[in-house]
Structures are given as structure tokens and as C-alpha cells.
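Q: Structure in C-alpha cells, see below.
The values are calculated or read from the model by the stated rules, or taken from the named source; none is laboratory data. It should be emphasised that the depicted structure is a prediction, and the values quoted were computed from it without experimental measurement. A quick note on method: Cβ atoms are made from the backbone with ideal geometry, for glycine too, and the neighbour counts reach across all protein chains shown. The accessibility values were calculated without ligands, DNA or RNA, using every heavy atom of the protein model including side chains. Shrake-Rupley method; radii C 1.70, N 1.55, O 1.52, S 1.80 Å.
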Amino acid sequence: MTALTGQHENGRHVNSPSEHDSDPHETDLRRIRALILAADGPEEQLAAVIRSAGAEQTAADLVDELLSRADLSEQLAAAAVVVQFDLAFDGRVLRHHLLTGPKAEHRAGPADEPGATVALDLLDLARAVFGARHTAGHRTPGITWHGIEDPARLMTALAAFPVVQQLLRGLAEQPLDLAELSLRHGSDKWGLHYYTDHYARHFTPLRDRPLTILELGIGGYADPAAGGGSLQMWKRFFRRGLVYGVDVYDKTALREQRIHTVQGDQADPAFLTALAERIGPIDIVIDDGSHYCPDVIAAFGALFPHVVPGGLYVIEDLQTSYWPGYGGSSEQLSDPTTSMGFLKQLLDGLNHAEHEPPTTHRPSGTDRTLAGAHFYHNLAVLDKGRNEEGTLPAWIPRRPMSAEEIAGARRAAEQQAAEQQAGQQAEQHPGAGPDQDHS
């Protein structure tokens, strides 16, 4: 568990400027968002977005993204391999290179002695990295292996092969195992818990979309450089997503491309509402915060209205609903002040149209927009949507009835339907009558 508190237009995201524009990292996020959205559009639109951001900046963003997707094992990372990228755009070639080692390093400009050079059109690279599957087709990059003809440099040249292969894997959507990603990045979503199979079931259909994901609780407690494993996992899994993390501790050190951290308290609805209005609309909320029942309920009230139709709201670690130290109870299981008691009430709201008589329950905004709920061990996944299907016809009995009563109710319904049909015909032919001559 992580510590969070002590006690679209046409389906696309439109974020308006605010007083937070002074934060350079939020400016970077908006630039990446514009590139992600344009990668699906016409070539002229994508080129215009690249020119607006600056071709060199876009090239740097895309090379950084490839590096973040590369699975460089310790053996590969230890190899001193230099890979140069030659990216063509607007009649010129932009050059960037990567140096692998204990910590990979990205530099602008050409390399002195690259082990390999990858040549690609910048527009093709943008589509391959950030485009949807139906637009992500790209030309095969040209690869030049330097030193392959020189026996003295052959071993160095061969070391570049697997590094380039891993870097270019980021050009295609990869099958990813969330449990493996959780372990790799130090998240507790597999091992301490076993949430990843459930996440895969609900999240996989959304992977190809330009999403905004908000997770409450970053982890690492007061250490500013610790935590963030789940944010890394979501960034890798959602290749077109922006990932936001909230924690009561300052986690600015964990920010990187497509990951933004915000300091704040999930127990403060005003803070959460302001955040949602700034970064929203939100596609997925994951509450892995304090797990204190009043905080869980407050966060849901503030954030669920800002989740898009078709989006998901996830609450983790519901075991605390039964622990008195977290505001829970193992005796009053339906107490609405506990997390599970609150969720049970939501289920009654999900079926608000079936309450009898209908006047006994006036549906809330949540009742009308909670479209589904899925429960697993210590985990709830809630679907945002439109919940206004209505109920069954009035003639279907709401209480046990005799055969005579059922037949009478059916005859009354048929008579009512006939009267309605006759009224509709009269409206369509107001001058017609039984004595009117139509000859």
C-alpha cells in the first residue's frame, strides 16, 4: 500500500491554459499530448504540430520515448554502444544519438563514432511511436552498421545489433505482461497483491487510445526519489497515455516524459476537483492512496464526475474497509462510512430504475452515470457511462400475483396500448371520421 494522506472534444482531450502553465513540465505534457493526437491525423496536420513544437524538440521527444520502451538488460546496458538517429524532415536531417552504458544518455547532434545509424522520416517515426494501430504503419528504417567490414571493429559492431533491435521494438505495439512490468518497476500490484490479471482484463481494450491516467498514491513515503513504480508501469503499458500521480509528499524527482507528479491530499475534495479540471477529462482513476475509508469516499465524490463516459474508476486495497484503524468495520458490513458499505450503496444506485415504488429513490448523478461494477479480492473496478435504461413494462408484476390478476393487468395494458394507437391515428388524420364520405 502507498501513503497518500496522513490523517474531449470528439473523445479527445482539450486542456485549456491555466495558472499552472508556468510549470515547464506541464508545458512539456501538452506538447506531447498534441503530438499524440496529431499522429492519428493527416500528414499536413502532423507536420504542422511538429513545426509548432520545433522539429529538433520533436526528434528529441521521440528518441527519448524509444529509449524508455527499450528493454536493455544489464548486459546490453553495460555495453558502450552508440546509436545515431538520422531523422528527415522538411528537407533536412536531424541527428540525435544515444550512448548506452550503466545509464543511457541521449544527446543532440551527430556522434563521433556510432556503432549504428538508424535513418527514418520524422513523420513516420511519430506515427509509429504515438499513432494508433490503424495509422502506425511506417517505412522500414534504414540501418547502417559501422565497422562491420573492419575485422578490428567487428566485435564492437556486433554489440550494436541487440541494442538497436531493442530500441526499434518501440516502433511497434508490443505484447506486455502487466505482472512482469509490475515486478520490473517495483510496483506491488503483483506479488504483495495480484491485481495485474484484473487490470489486463479491463485495461487492454483501452491501450490504443490517447488516455489520461490519474493514480492516487505514488509510494516511497517521504523519500522524494522513491516510489513511482506503478506510474512507470502505466506509462509503458499505455504507449499513448499521459500518467499523473498524486501524493502528499513531493515527488517532483520522479517526473519524466509522459509522467507528471502533483503534491496534494486525497482527503481534500477541492484540491482533487481543481486538479481534475486542469488535467481532465480523465480516462482512468486508480485509488491506491491512503486506503482510509473517508479518504476513499471523498476522492470518489470529487473525481468520478470527471471520468469520461467509457472510462474506469478503480479502488485498490479494500481490505481496509474491514479494519477499524482505517475507518472500517468487520461488524457493520453495510455501514456507508466504510469503503465497501459505500460501494454497496452504489450498487443499489446502479439499479435505481428498479426501486419500487419509483418515488422511493431519486437517482443521483452517480446513479445515472455508474454503468457497471466489477469486484475482485480487495479490488473494485467501476464503469463510467450512461445508466438510464429504464425498467420493465408496468404490466409486469412487482409483487406475487394470481393468474387472474396477471391476466387482468395484461388486458389493461393492451387496452391502454390500443387507446394510444387510436389517438395517434386521430392526430395523423384529424379530418377523418366514421361518417365522412371519402368518395
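Q: If I go through region 100-122 residue by residue, how many of them are outside any strand (DSSP E or B) and open to solvent by less than 50 Å² (accessible area, probe 1.4 Å)?
A: Matching residues across region 100-122 total 8.
Q: Kindly indicate whether D90 is touching a helix residue (DSSP H, G or I) at 6+ places or on another chain (Cβ under 9 Å) and open to solvent by 10 Å² or more (accessible area, probe 1.4 Å).
A: When the stated conditions are applied, D90 passes them.
Q: Would you point out which residue out of I213, I259 is open to solvent by less than 10 Å² (accessible area, probe 1.4 Å), in contact with a helix residue (DSSP H, G or I) (Cβ under 6 Å, 6 or more places away or on another chain) and farther than 16 Å from D288 by Cα?
A: Every option except I259 fails the conditions.
Q: With the requirement that a residue be of a type in the set (G, A, S) and open to solvent by 40 Å² or more (accessible area, probe 1.4 Å), what does region 128-153 give you?
A: Selection gives G137, A152.
Q: Still on this structure, please answer the following. Give, as residue ranges, the helices (runs of 4 or more DSSP H) completely inside region 1-99 that count at least 1 residues that are modelled with pLDDT under 90.
A: 74-78
Q: Answer with yes or no whether L125 is surrounded by 13 or more Cβ atoms within 10 Å (Cβ to Cβ), touching a Leu at 6+ places or on another chain (Cβ under 9 Å) and over 20 Å from A79 (Cα atoms).
A: yes
Q: Which residues, taken from region 154-204, are out of contact with any Phe, Trp or Tyr (no Cβ under 6 Å at 6 or more places or on another chain), crowded, with 19+ Cβ neighbours inside 10 Å, over 30 Å from T144 (Cα atoms) and of a type outside the set (A, V, I, L, M, F, W, C)?
A: Listed by number, the residues that qualify are S187, H193, Y195, Y199.
Q: Also, quick follow-up: Any residue at all in region 234-247 that is open to solvent by 10 Å² or more (accessible area, probe 1.4 Å) and within 22 Å of I297 (Cα to Cα)?
A: yes
Q: Tell me yes or no: at least one residue of region 274-282 is open to solvent by 40 Å² or more (accessible area, probe 1.4 Å) and not basic (K, R).
A: yes
Q: So, one more: Run P336 past the list (1) at pLDDT 95 or above; (2) under 23 Å from Y199 (Cβ atoms) and report the number of the one that doesn't hold.
A: (2)
Q: Kindly evaluate R368 against the criterion of being assigned to a helix (DSSP H, G or I), open to solvent by 80 Å² or more (accessible area, probe 1.4 Å), under 21 Å from P305 (Cβ atoms) and not polar (S, T, N, Q).
A: For R368, the condition - assigned to a helix (DSSP H, G or I), open to solvent by 80 Å² or more (accessible area, probe 1.4 Å), under 21 Å from P305 (Cβ atoms) and not polar (S, T, N, Q) - is met.
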